[in-house]
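Report on the following structure.
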Ligand code: DOR
Ligand code: ZN
Ligand code: ZN
């Protein structure tokens, strides 16, 4: 098969360190099969499936199931993230070593959706992860500062009468865990950085030699809390959409490398959990099929990154953070590659119902966005082309 690519951009396949595929437990909102199709259509060749499934991915049996199902579907490499604690309860360390040595070869651990609150658990998890050559991914949130919080603490929340979610709830945990990681000599990855203050903390930690990396979501790069005026729960997410000054600081930090990479935090939800009162709605947004276009809008159109830079933040850096052996390595002649082909001049209108995901909770509904994935290739096999996933 010969692919014509004149005028198009060829990049290494994208790597997403942070997706929720909902299997096992919530297959009414996403499965490994539908999430894999969404990933292939978004240009991804590897995704990291978060541990907050039901049951929780806190043992070898579950991570091996997720890994095997990803292989069976065959559209994207699905790497399970192991839970740090048993059942996300935050009190008992899970068997990290067993998961690392299982067939799933787990190299990233997290308690997403219920962050590692207890500093002693965090300290021990970092020590284990160092021994296992793994990384701890932290959803940085001090829960005692976010009780009842509904929106970014600031002018908009005050005007709308929503209880505020202070930036310090994120920044204090990032600072704490950078100190613990440095003490343990371990690698720490900060999920979905959302405030300008967190960027300052990361800069400080990196300057003093902490092995810390960080991701930003497409929605925190593009969207801000002034969208909350309509009380549409599609805009509800954890951490919340922040102020315009935060989004600007995040774009700058991604361009400079203080924030290493883009990760979607792809979070499918059922209609009844989004089509309801703001306060009752679940937090989270779809991301896999819009990530490239939102990065093109916020980073490429603004001149902050060129396409080479997009390869860095969407493929090479995330692959390095997760320790993927093959991604980004120079290939031998004739060796099958992970690639994504992009039409940089395309414009398209987002329609959540047309996505491969079962859920349709995209905050970008109706927006016209630049750049489209034309084709995705996993180890030399086409996994998506012209808007259709294969297999
Ligand atoms: O918005 C979010 N959705 N943030 C999280 O931490 C969890 C995630 C989910 O699982 O829906
Ligand atoms: Zn999270
Ligand atoms: Zn998440």
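Find how much the distance from residue 183 to residue 271 grows on full extension, using 0.36 nm per residue of separation minus their present alpha carbon separation; answer in nm with one decimal.
That pair, residue 183 and residue 271, stretches by 27.2 nm at full extension.
Working out 0.36 nm times the residue gap between residue 227 and residue 86, then minus their Cα-Cα distance, what length gain in nm do you get to one decimal?
Value of the extension gain: 47.1 nm.
Using a 10 Å cut-off around each Cβ, can you sort 30, 141, 1, 277 from fewest to most neighbouring Cβ atoms?
If I rank by nearby Cβ atoms, fewest first, I get 1, 277, 141, 30.
Simple spin-label model, 7 Å along Cα-to-Cβ: residue 71 to residue 329 in nm?
Here the answer is 1.9 nm between the modelled labels.
Please compute the contact order of the chain in relative form: average sequence separation of alpha-carbon pairs under 8 Å and at least six residues apart, divided by the residue count, as a percent.
RCO, the chain: 20 percent.
Springs between alpha-carbon pairs under 10 angstrom, Gaussian network model over the chain: which of 45, 146, 198 fluctuates most?
Among 45, 146, 198, the largest mean-square fluctuation in the Gaussian network model of the chain belongs to 146.
Rounded to the nearest 0.05, what FRET efficiency do residue 379 and residue 158 have when you use their Cβ-Cβ distance and R0 = 45 Å?
0.30
Whole-Å semi-axes of region 224-360's equivalent ellipsoid, largest first, each the root of 5 times a Cα gyration tensor eigenvalue?
Semi-axes, largest first: 30, 19, 15 Å.
Can you give the FRET efficiency for residue 354 and residue 204, using 1/(1 + (r/R0)^6), R0 = 41 Å, r = Cβ-Cβ distance, to the nearest 0.05?
0.40
Indicate the gyration tensor shape class of region 168-245 (rounded, prolate or oblate), computed on the Cα atoms with a ≥ b ≥ c the square roots of the eigenvalues: a/c under 1.5 is rounded; otherwise a/b larger than b/c is prolate and the rest oblate.
Prolate, because a/c is 1.5 or more and a/b exceeds b/c.
Among 269, 183, 219, determine the one that fluctuates most according to a GNM of the chain built with springs between C-alpha atoms less than 10 Å apart.
Judging by the Gaussian network model, the answer is 183.
Determine the shape class of the chain: with a ≥ b ≥ c the square roots of the Cα gyration tensor eigenvalues, call it rounded for a/c under 1.5, and otherwise prolate if a/b is greater than b/c, oblate otherwise.
It is rounded, given that a/c, with a ≥ b ≥ c, falls under 1.5.
May I ask you to sort 28, 273, 386 by Cβ crowding, counting other Cβ atoms within 10 Å and putting the fewest first?
The most exposed by this proxy come first: 386, 28, 273.
D for region 53-159, whole µm²/s, Stokes-Einstein with Kirkwood Rh over alpha-carbon pairs at 37 °C and 0.692 mPa s: what number?
220 µm²/s
Just to be sure I understand the model, the point goes 7 Å from the Cα along the line to the Cβ. What's the resulting residue 320 to residue 248 distance in nm?
2.9 nm
Taking only Cα atoms and a 10 Å spring cutoff, compute GNM fluctuations for the chain and point out the largest among 41, 375, 228.
Of the options given, 228 has the highest mean-square fluctuation.
Where a number appears in this text, it was derived from the coordinates with a stated rule and is not lab data. All figures in this text were calculated on a predicted structure; none of them were measured in a lab. Positions of Cβ are generated from backbone atoms using ideal geometry, with glycine treated the same way; all protein chains shown enter the neighbour counts.
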